[in-house]
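Beneath this line is the structure, given in structure tokens, with notes to follow.
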Amino acid sequence: MNRSQATNRPRLLNWIELDQAVLRKNIGSLAKLAGDRTLAICVKANAYGHGLAEMTSLLKGEKRVDYLTVHSVAEASLARKAGWDRKIMLLGPFSSDETRSVLELDLEPMIFEIGALEELGHLAGKQNRVIRTHLKLETGTNRQGITEQELPGFVSVYKKQPSLIPYGAAMHFANIEDTTNHEYAQQQLDRFEYLVKRMEELGIKPEIKHTASSAALILFDKTRFDLVRPGLSAYGYWPSKETYLSYRLAGGDNNLFEPVLSWKSRISQLKQVEKDSFIGYGCSYQTTADTKLAVVPVGYYDGYDRALSNLAYVLINGKRAPIRGRICMNLTMVDVTDIENVRIGDEVTLIGRDQVETIWADQLADWGGTINYEVLARLSSAIVRRTL
Ligand SMILES: *Cc1c(COP(=O)(O)O)cnc(C)c1O
């Protein structure tokens, strides 16, 4: 190998870029929708695949963000390590081993299990601490909420243990993203108001109410209450086509969000393959002409869904390069026959923009039979994240 080849060797083969200016724009749009309400940004699932530590660092610079919301105590711990010193709401359950950390990390847990509430109250009492909690009310998701029948039991724990503050009343919508018909959402809101009233009759009055994830925040003023909890939209994606259409039909502007994340790799090998050759495992693709093939060192291990085999394309030199054969664990083959001047080390865009061409998580989700949330959440945490 001569010297110039050696110095052209790529420094990274697989990386994610986060665009800070785009994040700022998205947060600005959410802040505008939120008005004077508290803004909580969701960073669960490794910040929707963007990288929890990296996103936390970026969000520290967004003064309008009051809370992070996380699913697990482990995520909350990572956010604290990344220097987040504002509030954190814990959306998911915590185990008995984690109860101590809920207090140490100064989290505001969502409450839906009476044993967890008792344990937390006991420990907080022993430590002379008070802790803000949020009661998750069951309004139609049948997932984590407290039902009307269970409510008196929870209320009596709060009454016995003054360390526990019933600070928030919360719920989650089951069916806003998936439809343009919002009757079910309205029923859930009615049920929520009813259960909050029941709480008050039983003798505890929450200081704040909150219900809105991205779709609810974008589409319905009346879901916003005192605090909003968007996730996906902060990263620049619409929760669904239905959400986008409903918003646009109501006259909303087209420029609310842009994707923060791009996913890049580089061509690691180029080869000329003859007509009628098979490509990859299972011989699922056979060339119909002499073909120039590029090997990209990314596979399903990295979160590039095997369901995209022979369906998706990547972008190289501003052109589409279709995937040929099955996506492997660590490698993917693409056809670059009609792309000029392709060289080893050329940048490959799996998600993002290359000149006039773009490919976003929505497109990969359509091909893979899933949703943009899953495409993003499955991006391996092992991929290097760089902030632009
Ligand atoms: C994930 C989650 C959100 C954020 O939802 P998006 O659709 O990503 O905006 C809000 N609230 C709860 C309880 C969640 O679990």
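The values are calculated or read from the model by the stated rules, or taken from the named source; none is laboratory data. Just so it is clear, the model here is predicted, and its values are computed rather than measured. Cβ atoms come from the backbone with ideal geometry, glycine included; neighbour counts cover every protein chain shown. The area values use the complete protein model at the heavy-atom level, side chains included, leaving out ligands, DNA and RNA. Shrake-Rupley method; radii C 1.70, N 1.55, O 1.52, S 1.80 Å.
Measuring max minus min along each principal axis, the C-alpha atoms of the chain give extents of 77, 46, 39 Å (largest first).
Please find, in a Gaussian network model of the chain (springs between Cα atoms separated by less than 10 Å), the residue of HIS134, HIS122, HIS71 whose mean-square fluctuation is greatest. Among HIS134, HIS122, HIS71, the largest GNM mean-square fluctuation belongs to HIS122.
Quote the FRET efficiency, to the nearest 0.05, computed for ASP290 versus ASN330 with a Förster distance R0 of 22 Å and r equal to the Cβ-Cβ distance. The value I calculate is 0.25. Net length available on complete extension from ASN142 to GLN187 is 14.8 nm, with 0.36 nm assigned per residue and the Cα-Cα distance removed.
Summarised in one figure, the compactness ratio Rg/Rh of region 173-296, Cα atoms and Kirkwood Rh, is 1.30. For region 261-387, dividing the convex hull volume of the Cα atoms by the residue count gives 102 Å³ per residue.
The apolar share of the surface of the chain, taken as the fraction of accessible area on carbon and sulfur atoms (1.4 Å probe, ligands and nucleic acids excluded), comes to 47 percent.
Secondary-structure-derived ellipticity at 222 nm for the chain, considering helices only, amounts to -9000 deg cm²/dmol, per-run term -39500 (n - 2.57) for DSSP H runs with n ≥ 4.
Taking label positions 7 Å along the Cα-Cβ direction at both LYS81 and ARG386, the computed distance is 2.4 nm, reported to one decimal. A Förster radius of 45 Å, combined with the Cβ-Cβ distance separating LYS60 from ASP97, puts the computed FRET efficiency at roughly 0.95. In this simple spin-label approximation, ASP276 and GLN149 carry label points 7 Å from Cα along the Cα→Cβ vector, and these lie 7.0 nm apart.
Whole number in Å², please: accessible area per residue of the chain, 1.4 Å probe, ligands, DNA and RNA not counted.
Values: 17910 Å² over 388 residues.
Heavy-atom SASA per residue in the chain reads 46 Å².
Which whole-number percent gives the relative contact order of the chain, counting Cα pairs below 8 Å spaced six or more residues apart?
Values: 801 pairs, mean separation 69.3, N = 388.
Once divided by the residue count of the chain, the mean separation gives 18 percent.
Springs between Cα atoms under 10 Å define the GNM used for the chain, and in it the highest mean-square fluctuation of ILE146, ILE41, ILE111 occurs at ILE146. A crude spin-label estimate for the pair LEU249 and THR358, with each label 7 Å from Cα along the Cβ direction, gives 2.3 nm. Springs between Cα atoms under 10 Å define the GNM used for the chain, and in it the highest mean-square fluctuation of ARG129, ARG248, ARG11 occurs at ARG11.
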